Structures are given as structure tokens and as C-alpha cells.
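Here is the structure we will look at.
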Amino acid sequence: MRLRHKPWAGEKLGQYPQYAIAEPETYKGHWAEVFGNPNPVHIEVGTGKGQFVTEMARANPDVNYIGIELYDSVIITALDRLIEAELPNVKLLNVNAKDLKEYFEKGDVDRVYLNFSDPWPKNRHEKRRLTYKDFLKLYEEIMVDGGEIHFKTDNQGLFEYSLQSFSYYGLLLTFLSLDLHKSDFEGNIMTEYEEKFSAKGQRIYRCEVKYQS
Ligand code: SAM
């Protein structure tokens, strides 16, 4: 299901099929056709206004990126960025992440990025967190064996919850930073939220985890 808050946004997304994939279910198991190459596919779930996927695509031309975003009112800004950047290796999907299996089959995706995911701090909303166990299962079901999740947030509560969720699920922790911007991590590409929160002096947490085959 696509959420339409700006009526014209859907229309504009439809005008740029080279960037916004209108019927992604058509490409399940065939994403190499969309990109015209068999390069690895990295998806960002909750891409927002698309700064991260655009800049990652510019920096890594041998990787194919897909930004996934629920709201057309937000993803439309990502589309504007792509129209400007004219990059062949990044696409957008205006869909709900809970339906990822409609668009991807096992092995279609090599890596999942989760950046500044909504924290849903109330216990009763745990299932909505993108690091809840059901989402971890969903990512596993569309990724290659040994696929990775790279996760960044400013929210300590969500980070601690997610580390626990990853650990309970049996994921292997391969990178951890409790203060990314003061670490020696190289090549960090900032997201919109990261810029906003770090400008306010908030520390950024980052980890990488890997599915064990
Ligand atoms: N990643 C961006 C950044 O770091 O600047 C945006 C972060 S914003 C806090 C989280 C985004 O995730 C929102 O744009 C929201 O609409 C999107 N989102 C949340 N749940 C989603 C879902 N189930 N499927 C797709 N997008 C989702």
C-alpha cells in the first residue's frame, strides 16, 4: 500500500520510472534487469528524503541502491535529488517495508541499511520498530546468506533494544561504535537526520550485524 499525502506526488513519481519503480513486484527475483547489471543490491529501509542512498550511489558506482519509503510526501524529495544527480545505480520504492517479500525474493538483497529508524518508544509499539524480530526475519528472507544490516541512530534506547534484538535473533556483531563521529570510522555518509541531530551535539550510535548461515 502506498500512502498519498500530496496528491501530485504520486503523479510526479509516475513521471520518472527510471528512478521511482511503479510496480516493484514485477521485478521480484529480477532486479539485475532494472539496473542493467548484476552488481550487489543494498536497500535503505525508511530512506526519507534520500540523501544517504544518493550519496552512497555516487560514492559506490559498483553497488545498486534502493531507497524504500512509506510516504510519497517524503520520497518526492528523494526523487528530486535523483533527477538532479542523474545516477543510474539508485532507485526508489514508495512502499511499506512490512511488504518487502512482495518485491524481493531470497538472495535479491545483499545489505540492509537502517538509518535513524522511528524509535516507537512505547512497549506496545515494539512490533513497529524496524529492528523487531519479525523485521529481522523479513530481511533474512530477502537477503543472500550472510547478508548484513548496517544500523545508525541517535536514539540510545532504540540502539540498546536493537542490539538485544539482533543478539536474540542470532546475528553476529561485526562493528560497533557508541560515538560514530568521534571514532576512526572512515567514509561515513550522513543522512538528513544525522546532520540534524549531530548539529545539536547528539552522539550517533552505529553497528553492523551479519546473518550466520
Ligand atoms: N533514513 C532517513 C534519515 O536518516 O534521514 C529518514 C529517517 S526518518 C526518522 C524514518 C523514515 O522511515 C520516515 O521517512 C518514515 O516514513 C520511514 N518509515 C518508517 N516505517 C517505514 C516502513 N514500515 N516502511 C517504509 N518506510 C518507513
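No value in this document is a laboratory result; all are computed from the given coordinates. This structure is a prediction, so every number in the text was calculated from the model and none was measured. Every residue, glycine as well, gets a Cβ built from its backbone with ideal geometry; the counts of neighbours run over all protein chains shown.
Lys/Arg Cβ at +1, Asp/Glu Cβ at -1, dipole of the chain taken about the Cα centre: which of Tyr16, Tyr71, Leu180 is farthest positive-ward?
Of the options given, the answer is Tyr71.
Calculate for the chain the 222 nm mean residue ellipticity that helices alone would give, adding -39,500 (n - 2.57) per DSSP H run of length 4 or more and normalising by residue count, nearest 500 deg cm²/dmol.
-9500 deg cm²/dmol
Out of all Cα-Cα pairs in region 64-135, roughly what percent, to the nearest whole number, are more than 19 Å apart?
44
Pop a pseudo-label 7 angstrom from the Cα along the beta-carbon direction at both Glu25 and Glu186 and give the gap in nm to one decimal.
4.5
Over all alpha-carbon pairs of region 17-210, lay out the pair-distance distribution in 10 Å bins, whole %, shortest bin first.
9, 38, 39, 14, 1
Given the peptides 58-67, 97-106, arrange them by the average over their residues of other C-beta atoms within 10 Å, most packed first.
In decreasing order of mean packing, 58-67, 97-106 become 58-67, 97-106.
Take every Cα pair under 8 Å in region 17-210 that's 6+ residues apart, average their separations, divide by the length, and report that relative contact order as a whole percent.
21
Please give the contour-minus-distance gain from Arg124 to Glu86: 0.36 nm per residue of separation, less the Cα-Cα distance, rounded to one decimal in nm.
Gain on extension, Arg124 to Glu86, equals 9.5 nm.
Going through region 135-213, which GluC sites (Glu not before Pro) have at most 16 other Cβ atoms within 10 Å and a DSSP loop state?
Sites meeting the loop and neighbour criteria: Glu186.
Where in region 149-190 does the label zone of Gln212 land, with the point 7 angstrom along Cα→C-beta and an amide N cut-off under 16 Å?
149, 164-175
For the chain, give the magnitude of the charge dipole about the Cα centre (Cβ charges: +1 Lys/Arg, -1 Asp/Glu; no others), in debye to the nearest 20.
780
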